[in-house]
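Here the structure comes first, spelled out in structure tokens, and everything after it is commentary.
What follows draws every value from the coordinates through simple rules; no lab data is involved. Note that the structure is a prediction, hence the values are computed from the model and not measured. Neighbour counts are summed over all protein chains in view; Cβ atoms, including those assigned to glycine, are modelled from backbone coordinates with ideal geometry.
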């Protein structure tokens, strides 16, 4: 068996009060399984089942009938649950009493009017206006129906005759009443004309006030627009304008058209004001985007975003050019451009370059530049300060310029209203058409930057017309290597900042070329200064040798190379091949003339020949130790190409060594060799007629003593030079003796014996055949 359902329970009714025939919604539980299951519904004791509409087991909709009770329960009866209960009640309100002559804004049922005589509602049934039985008889069969029809004809005839007689009898009365009513109407018009006039004026005034009250938004809009513009509440102005445009944009009412025309005039002035603010410089990226959005929402003519981009482009170029003119015209370089530089958020700052450096140092974990002293601005050359200021302009303004273009391309400059009106798609289409124009703008900025830097540092790379625009630094002194390195560092930071903005590389190629030429120029200047510094090392030579026969000059040369020009050369390894050769060549001018060296110690003053030996010893030390140490230092710091650099440097030292060695040999060997021939033929000596030799002749003793003297001198300075020097001197003496022996046509026996005393085996070997043949 199925489980018995619970009786209906009414838990709510909405509304809970009302007059008869009010539509109510009844809610509760177990209100039936369907329309057929609902068999009873009463509200305040009145059966409302005929108007009930079953919606669900928890909802029924019906109309309240004219119940007798003012307040009562809602009872639902179903087949499945039986007679129900209610936890709520409904209050029946009585209808307002409206008489026949009372005015009402709603329809009054004439079947139930209020009778003023009895002070109660009197219901008149429609059936009461006609006879209840017009036939006059009960119709049971056809004969009765025929008799009833006859009776109806008689009644109609009697009624028509009675009505006509009534009209004929009261015709005079009717005309009298008509005349009376006409007179009464004229009298009423006379009496109430003034009253009715005041009433019309009051109605007109009331209607005007109603119109003003209803449309006060439009009438107050011009004044509100002016006030909000002065306060800077442009968003409120735009919202009010959009609302007025949607309501009164196409109105034909003259008053509304006049007021709306004034509104359009104020909005036109606002467009001009916003456009002026947009094109005003300097301005932040946030303000530019805001003004562009305002102008787009106000449907400004043209393309405000592109106008702003063009204005910013011209302003950046002007800033860069003014920076150059400030430094050219102001000898102190106190430019006012630093005061107007703005960062991306619109805040003023001392240097955008400094912020870029700080950020980069945090990312890399190192400092890009050491802390500057307070006197840096006064110590730095004008060209260096100019490049710094120029970098502030570029780094401070070009990112804003680039980001404004990116926002213009992707349509993020417009509000939701602009997106709905299709301005975003229009902006993207315009951006695609103007890509080449913007690319030319970026190229113009980068080329202007490069030419300004070239004019300050590399004027020889510019043409004559370009020098007039970007040059003018002839009165400024040239830069040294460290300052050129600082400039390269600054330009590299500019390049890295622009690369971080994802600007295409082809637009930044000119900056890369500039960096390459600046490095090359820095290298040349550094080498030139290095050459001069190496020359100046000669003034510091003290000619005091150590145990190895080397002075302090090679060590100073090595220290100078590692500390001063090595960091610069590190960026250009291919050019470093000729560095040491160049420096050594610059030294050779003074080394060939050792008398130019000034001695530091007064107690020690070496002879020129001793200085040559000391220099030769230093050259050997350079070749065997110094250059190897430099190559090892280069390799330790990741420098490539050291083998070729060492090879070229050693070759240059060897050439210098040979030149100095030949100079020394010439100084030492020529006196010895030159004394041989006079010594041989002293006293009219003749090889064909000479006495028997008793010992070595004096010229040979003198030559040997001179050679021993050279040996002692060389041995005192550098032992390693002894074999090399003596070999050359002995070879020279041997060659001279060989030449002299070749000049003798014949030898006597004593002359041949005299030759055998010459302590030079080479000479003996060379001229032994000629000696034997001449001796017979």
Can you tell me which of 613-621, 38-46 comes out highest on packing, and rank the rest after it, using the mean Cβ neighbours within 10 Å?
613-621, 38-46
Give the span of the stretch 692-731's Cα atoms along each principal axis, as three whole-Å numbers ordered largest to smallest.
42, 18, 10
Give me the Kirkwood hydrodynamic radius of the stretch 216-279 in Å, from all C-alpha pairs, to one decimal place?
12.0 Å
Potential extension, residue 512-residue 235 segment - 0.36 nm per residue separation minus Cα distance:
95.1 nm
Averaging over every viewing direction, what projected area does the convex hull of the Cα atoms of the stretch 420-567 cover, in nm²?
13.9 nm²
Eigenvalues of the Cα gyration tensor times 5, then square-rooted: what semi-axes does that give for the stretch 602-678, in whole angstrom, largest first?
35, 16, 6
Sort 712-719, 693-700 by packing, meaning the average of other beta carbons within 10 Å per residue, with the highest value first.
712-719, 693-700
Per the C-alpha gyration tensor (a ≥ b ≥ c, the square roots of its eigenvalues), the stretch 9-92 is rounded if a/c is under 1.5, else prolate if a/b beats b/c, else oblate; here it's prolate
Expressed in nm to one decimal, what extension gain is obtained for the pair residue 406 and residue 157 from 0.36 nm per residue of sequence separation less their Cα-Cα distance?
79.6 nm
Where Rh is the Kirkwood radius over Cα pairs, Rg/Rh for the stretch 623-729
1.27
Order these by the 10 Å Cβ neighbour count, fewest first: 499, 259.
499, 259
Expressed in nm to one decimal, what extension gain is obtained for the pair residue 529 and residue 79 from 0.36 nm per residue of sequence separation less their Cα-Cα distance?
150.2 nm
